[in-house]
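Structure record follows, encoded as structure tokens.
The values are calculated or read from the model by the stated rules, or taken from the named source; none is laboratory data. Worth saying up front: this structure is predicted, and the values here are computed from it rather than measured. Here the Cβ positions follow ideal geometry from the backbone for every residue, glycine too, while neighbour counts run over all protein chains shown. In case anyone asks, the SASA skips ligands and DNA or RNA and just uses the protein heavy atoms, side chains included. Shrake-Rupley method; radii C 1.70, N 1.55, O 1.52, S 1.80 Å.
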Amino acid sequence: MPDHLTRRQALGAGAAGLSLLGAAGCDKDSAARQTREAKLGVAPAGALNVVVIVMDSLRADHVYGPLAKTPEWNKYLRESLRFTRAFPEAMPTIPARRSVMSGKRIFPYRGWHPYKGLPPQPGWEPVGSDGKMWTEVLRDHGWTTGYVTDNPHILLPVHKNFRKRLDRVELVDGQVPLRRRATGTVTQAELDHYIQPALRGSRHEPRMKAYLEANPRGRPESEFLSPRVFTTAEGWIDWARTRQPFALVIDSFDAHEPWDVPKRLSDMYGSPDPSGIEPIQPFPTPAAKYAGLGLTKSLLSRMRELYSAEVTMVDTWLGHFLDDLANKGLLDKTLVVLCSDHGVLLGEYGWVGKRYTEVHTELSHVPFAIRHPDGRAKGKLSRYWASHHDIGPTVLSLLGQKKTHAMNGTDLSPLLNGKQPAQKRSYRTAAYAYTVVARDANWLLIADSSGADKRLYSLKGERRNVNVAHRYPQHVKRLWGYIRKDAGPKPLPNYR
């Protein structure tokens, strides 16, 4: 397609040509969508592109620290503004993406009710249900918008309306829960290789079987899920090159469990357990106390190695995508935002997985960085308390657009110019299911939404897993006051 075509012409010409390719697919453009294209604005000359990349279950200490090999993240951080106090205001998967896409706080989940197709847990409402998304603001002003993901919840029918509000969506199958039955076969012996005896015959077994059927053993690294997501994103960029400026969200479900990686990566961190079990996910989703799972110290250690290996795989293919963007001459024209939705517990506090009552640092501290093509704040660190709902307002500001009135996230762009955001923050509050959290530089309060159970933890010193609420009631009261203040004038909702 000629480079001189306008975005509107290019979209009209390309709409009929979209088709499913293998396991990756894209939503077909309808006649109604083409009609809407004719009403779109034209972006300013020289407008930047933007790519926002969300990686699931990626712990900050595995990116900012030495627990995993992440050379691509490290390279990116040297070119970016890095936030050292980034925490989600809503957890886990779908609540976090609601924040990312809406640019507004959804804490403390007022008005929630169960939705068919989503887990019946507060905060789980369809992405896009919170009003106009920042991608729609950009689309109205001439940007081509898209979403590439293997996030199984985004693939389901409950998110069909969300997907329709973007110009092109690419879907990669393979994560569980699957939207369609896998065609592969798995023997019991193969299944037992990944499940310790304590979990055989449990509700965990069918889920693991479905995953293994959809992701055959012995496949090349390029056929693993995060490689497929980033390779599919490269294809989306090829399509969008004649439709600039573009705004793309890449939503990689890895490093979410199962921590299934090629042998070259698993061997990088250690050897298989002597038991013969490879614990790619030795717990039922979303979490369990590991004491009852039959996990030996050796298996627990191997599980952590496999998580680190998964982080390295995501990092490797993230690097391939960013290199591809540079090789196409687009990286210097593109704002890039990297973040995770949340972390994961790897045995800390007695848990493995994501437990809503244990919103400690390992589960809530996320890597977050902004790379501006002009090199603004390159290699700098910010201690500002950033969160997912700040992404939309920040992107819009840096691209010269105004946020909607409903977007109450903070514009972080002044930090790229050595200034402070308009909103000052000295703490953060958040919600995960029935749990609310407040945190400042020294203390962490975890409580149920009724306030009946409040636990206080010191963030300084060695014994960070000891509840000291009875010793420091003044800090409990102060942090609970932050929760009540941020929740608004009405009492906190209690969905129990």
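The conditions of being under 17 Å from G319 (Cα atoms) and either out of contact with any Lys or Arg (no Cβ under 7 Å at 6 or more places or on another chain) or at pLDDT 95 or above (or both) are not met by P220. Residues in the stretch 468-496 that are within 14 Å of V436 (Cα to Cα) and in contact with a helix residue (DSSP H, G or I) (Cβ under 9 Å, 6 or more places away or on another chain): 3 in all.
Residues that are on the phi < 0 side of the Ramachandran plot and in contact (Cβ under 8 Å) with a residue 60 or more places away in the chain are absent from the stretch 469-482. When each of G481, G451 is tested for being exposed (fewer than 14 other Cβ atoms within 10 Å of the Cβ) and of a type in the set (G, A, S), the lone residue that passes is G481.
Considering (1) acidic (D, E); (2) under 30 Å from L396 (Cα atoms); (3) open to solvent by 40 Å² or more (accessible area, probe 1.4 Å); (4) in contact with a helix residue (DSSP H, G or I) (Cβ under 7 Å, 6 or more places away or on another chain), the lone condition that D140 does not fulfil carries the number (4). In contact with a helix residue (DSSP H, G or I) (Cβ under 8 Å, 6 or more places away or on another chain) and farther than 26 Å from S298 by Cβ, is that true of F246? When the stated conditions are applied, F246 passes them. Of the candidates A422, A406, the single residue that is in a loop (DSSP other than H, G, I, E, B), in contact with a helix residue (DSSP H, G or I) (Cβ under 8 Å, 6 or more places away or on another chain), touching a residue at least 60 places away in the same chain (Cβ under 8 Å) and surrounded by fewer than 19 Cβ atoms within 10 Å (Cβ to Cβ) is A406.
Test S298 against the criterion of being farther than 14 Å from G347 by Cβ and surrounded by fewer than 24 Cβ atoms within 10 Å (Cβ to Cβ), and give yes or no. Spelling it out, it is not the case that S298 is farther than 14 Å from G347 by Cβ and surrounded by fewer than 24 Cβ atoms within 10 Å (Cβ to Cβ). Quick one: what pairs do we get from the stretch 359-381, first residue at positive phi, second open to solvent by less than 30 Å² (accessible area, probe 1.4 Å) and in a helix (DSSP H, G or I), C-beta under 8 Å, 6+ apart or different chains? Pairs found: A377/L415; A377/L416; G379/L77.
Screening L456 with (1) surrounded by fewer than 17 Cβ atoms within 10 Å (Cβ to Cβ); (2) assigned to a strand (DSSP E or B); (3) of a type in the set (A, V, I, L, M, F, W, C) gives one miss only, at (1).
Of all the listed residues (T394, T357), the sole one being farther than 22 Å from K460 by Cβ, polar (S, T, N, Q) and in contact with an Asp or Glu (Cβ under 7 Å, 6 or more places away or on another chain) is T394. When residues in the stretch 108-136 are screened for being in a helix (DSSP H, G or I) and open to solvent by less than 10 Å² (accessible area, probe 1.4 Å), 2 of them pass. Here T93 clears all of (1) within 30 Å of V366 (Cα to Cα); (2) among the polar types (S, T, N, Q); (3) at pLDDT below 50 except the condition numbered (3). Please determine, by comparing only the residues of the stretch 247-283 that are over 22 Å from S226 (Cα atoms) and either in contact (Cβ under 8 Å) with a residue 40 or more places away in the chain or among the hydroxyl-bearing types (S, T, Y) (or both), which one is most open to solvent (accessible area, probe 1.4 Å). Here the answer is S271. Every condition in (1) surrounded by fewer than 24 Cβ atoms within 10 Å (Cβ to Cβ); (2) modelled with pLDDT of 95 or more; (3) aliphatic (A, V, I, L, M) holds for A45 except the one numbered (2).
Suppose the filter is more than 21 Å from the chain's Cα centre (by Cα) and either on the phi < 0 side of the Ramachandran plot or open to solvent by less than 30 Å² (accessible area, probe 1.4 Å) (or both); does G350 pass it? Yes: the conditions hold for G350. Being more than 18 Å from the chain's Cα centre (by Cα) and not β-branched (V, I, T) holds for only one residue in S266, S226, and it is S266.
Counting only residues that are in contact with a Lys or Arg (Cβ under 6 Å, 6 or more places away or on another chain) and assigned to a strand (DSSP E or B), the stretch 155-185 holds 2 of them. Contact annotation: residue pairs with Cβ atoms under 6 Å, 6 or more positions apart or on different chains, pairing a residue in the stretch 186-206 that is farther than 15 Å from G294 by Cβ with a partner that is open to solvent by 40 Å² or more (accessible area, probe 1.4 Å), are V186/K209; L191/K209. Residue count for the stretch 176-203 under the criterion of being farther than 15 Å from E278 by Cα, open to solvent by less than 40 Å² (accessible area, probe 1.4 Å) and not small (G, A, S): the result is 2. For the stretch 64-83, a residue qualifies if it is closer than 28 Å to I483 by Cβ and open to solvent by less than 40 Å² (accessible area, probe 1.4 Å), and exactly one does: F83.
None of E234, E213 is under 30 Å from A326 (Cα atoms), touching a residue at least 24 places away in the same chain (Cβ under 8 Å), of a type in the set (D, E, K, R) and open to solvent by 30 Å² or more (accessible area, probe 1.4 Å) except E234. Just need a number here: residues in the stretch 425-443 that are open to solvent by less than 10 Å² (accessible area, probe 1.4 Å) and without any contact (Cβ under 8 Å) to a residue 60 or more places away in the chain. Count: 1. Of the residues in the stretch 41-56, not one is over 29 Å from T144 (Cβ atoms) and in contact (Cβ under 8 Å) with a residue 12 or more places away in the chain.
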